[in-house]
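Reading through the structure tokens given below for one structure.
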Amino acid sequence: MADYLVLVNGEHRLPEGYENTVELVTVKNCIGNAYTVEKKTYEAFCRLREDLLAHDGIQAELISSYRTIAQQQGSFDNYLNKFGLEYANKYVAKPGHSEHHTGLAIDVGILHEGKVLYIIEDLMSVDHLFQVIHKKLPKYGFILRYPKDKQAVTKIGYEPWHFRYIDSPEIATQIAEQGICFEEYF
């Protein structure tokens, strides 16, 4: 069984064999892109997505989820080549140190004006919509993984789209109410 409170970051590498403890499912978003994600994480995301659409008119979509170490290397190299080392280090975890390896981390885009926003700059432009989403995360067992003003602790810049499933609305609520990040919870 998956450890939903596993800490994976720049200092804590994915535990050996962790991938064997999670049940992954493959799903498609509204534009047909396929993603692999841990099963309970996806079920919780579906409940969150339904709530957002029904009550707030926000259509949230998966734009990234589980990644192998090789896929993470490709992502890091892509950002490195396009934007340079400083930018890549700010927004992309090093291979072996990404929460995406757990299947518990999801990146969420927003269908806005007929287009799924997934590029960092576009996502930042709808931060006001993410603020609505962030308030609902704990109810479904998610936390905002890289909050504003926590870069010194997380070593990753603010990512309003990156949510982490921890399978505990109680702990997620505690983290949100205290205004702390996952590292500070531990």
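The values are calculated or read from the model by the stated rules, or taken from the named source; none is laboratory data. These figures come from a predicted structure and were not determined experimentally. In this analysis, Cβ positions are derived from the backbone assuming ideal geometry, glycine residues included, and neighbour counts consider all displayed protein chains.
Pick from the stretch 117-138 the residues that are of a type in the set (Val, Ile, Thr) and at pLDDT below 90: which of them is surrounded by the fewest Cβ atoms within 10 Å (Cβ to Cβ)?
The residue in question is Ile119.
Of the residues Glu43, Glu50, Glu61, which single one is in contact with a Gly (Cβ under 6 Å, 6 or more places away or on another chain), charged (D, E, K, R) and under 20 Å from Leu137 (Cα atoms)?
Selected residue: Glu61, the only one of Glu43, Glu50, Glu61 that is in contact with a Gly (Cβ under 6 Å, 6 or more places away or on another chain), charged (D, E, K, R) and under 20 Å from Leu137 (Cα atoms).
Among the candidates Gly17, Gly74, Gly109, which residue alone is on the phi > 0 side of the Ramachandran plot and modelled with pLDDT of 90 or more?
Within the list Gly17, Gly74, Gly109, the selection yields Gly17.
Taking the condition of being loosely packed, with under 15 Cβ neighbours inside 10 Å and touching an Asp or Glu at 6+ places or on another chain (Cβ under 7 Å), how many residues in the stretch 25-58 meet it?
2
Considering only residues that are part of a strand (DSSP E or B) and in contact with a Gly (Cβ under 7 Å, 6 or more places away or on another chain), which ones fall in the stretch 162-186?
Hit for the stretch 162-186 is Tyr165, nothing else.
From the list Ile166, Ile119, which one is among the aliphatic types (A, V, I, L, M) and out of contact with any helix residue (DSSP H, G or I) (no Cβ under 7 Å at 6 or more places or on another chain)?
Answer to the selection: Ile119.
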